[in-house]
């Protein structure tokens, strides 16, 4: 069954069309037939709650629920899965790769570093309402935006001044892998320090799909202007983990359009980029 990841604007556009009963019936028929399997991520809910009108957020959350979507794991969790897969392959450890797409409760439990259970099976309108009523709970996300923006600006300045040396890039690569390589095998046994160190020494972003895609986007951004605003950063949080694991991404976003060719060159991109108008024409 093909998987379709809608960006936030495509999701909102589909929701507006579905207010009409005839369109809603066609949409339900397509969903029931299995011809459309919508995939979303936590960032859709973040953006849904980021509004001045609670009633709009609740309407969109209920529409999302009605699509019966599957859920892409959060970007960092996808990265942990990918590095684990790459490490186990290097260490010749038998391993069944974990799916990158699952249910909301499984995705949300993973974010909380917990086993899945009933407490994570939350109605989406309730979830969005809580975030809307308690915006302080989203402060860690605001920190993430700021850190990413500051890093991009800093890297551009460093590159201008010739400070982006191989040593600095290797040091950053090492730190990243030190924090993401598994410390235990799938069977729960502790991984030896020697094999972890061997892996880290030779580990390369190009062997990890989301890292390779992020690197391709970053190298393009370093030479560009702009791109440090909130919307563009959230676009990256959407597109980087989606590109290798869904069949298509529905978006008219200029950022997606500009970076897509560079990401395809990594060899990891599975998703085709489809415009909103072309997508909606399927329901005629």
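Things to note:
- As for region 219-229, it holds no residue that is in contact (Cβ under 8 Å) with a residue 40 or more places away in the chain, touching a strand residue (DSSP E or B) at 6+ places or on another chain (Cβ under 7 Å) and either surrounded by 12 or more Cβ atoms within 10 Å (Cβ to Cβ) or part of a helix (DSSP H, G or I) (or both).
- Residue 245 falls short on exactly one of the conditions (1) in a loop (DSSP other than H, G, I, E, B); (2) surrounded by 14 or more Cβ atoms within 10 Å (Cβ to Cβ); (3) modelled with pLDDT under 90, and that condition is (3).
Residue-by-condition table, conditions (1) surrounded by fewer than 19 Cβ atoms within 10 Å (Cβ to Cβ); (2) under 13 Å from residue 12 (Cβ atoms); (3) touching a residue at least 40 places away in the same chain (Cβ under 8 Å); (4) in contact with a helix residue (DSSP H, G or I) (Cβ under 9 Å, 6 or more places away or on another chain):
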{"position": "31", "(1), (2), (3), (4)": "yes, no, no, yes"}
{"position": "42", "(1), (2), (3), (4)": "no, no, yes, yes"}
{"position": "65", "(1), (2), (3), (4)": "yes, no, yes, yes"}
{"position": "68", "(1), (2), (3), (4)": "yes, no, no, yes"}
{"position": "71", "(1), (2), (3), (4)": "no, no, no, yes"}
{"position": "78", "(1), (2), (3), (4)": "no, no, yes, yes"}
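- Count - residues of region 253-284 that are free of Cβ contacts under 8 Å to residues at least 40 places away in the same chain, within 24 Å of residue 23 (Cα to Cα) and part of a helix (DSSP H, G or I): 3
- The one condition in (1) touching a helix residue (DSSP H, G or I) at 6+ places or on another chain (Cβ under 6 Å); (2) surrounded by fewer than 16 Cβ atoms within 10 Å (Cβ to Cβ); (3) within 20 Å of residue 248 (Cα to Cα) that residue 54 fails to fulfil: (3)
- Qualifying residue in region 28-51 (condition: under 23 Å from the mean Cα position of the chain (by Cα) and closer than 20 Å to residue 180 by Cβ): yes
The values are calculated or read from the model by the stated rules, or taken from the named source; none is laboratory data. This one's a predicted model, so the numbers in the text were calculated from it and none came from an experiment. Cβ sites come from the backbone with ideal geometry, for glycine too, and all protein chains shown count toward neighbours.
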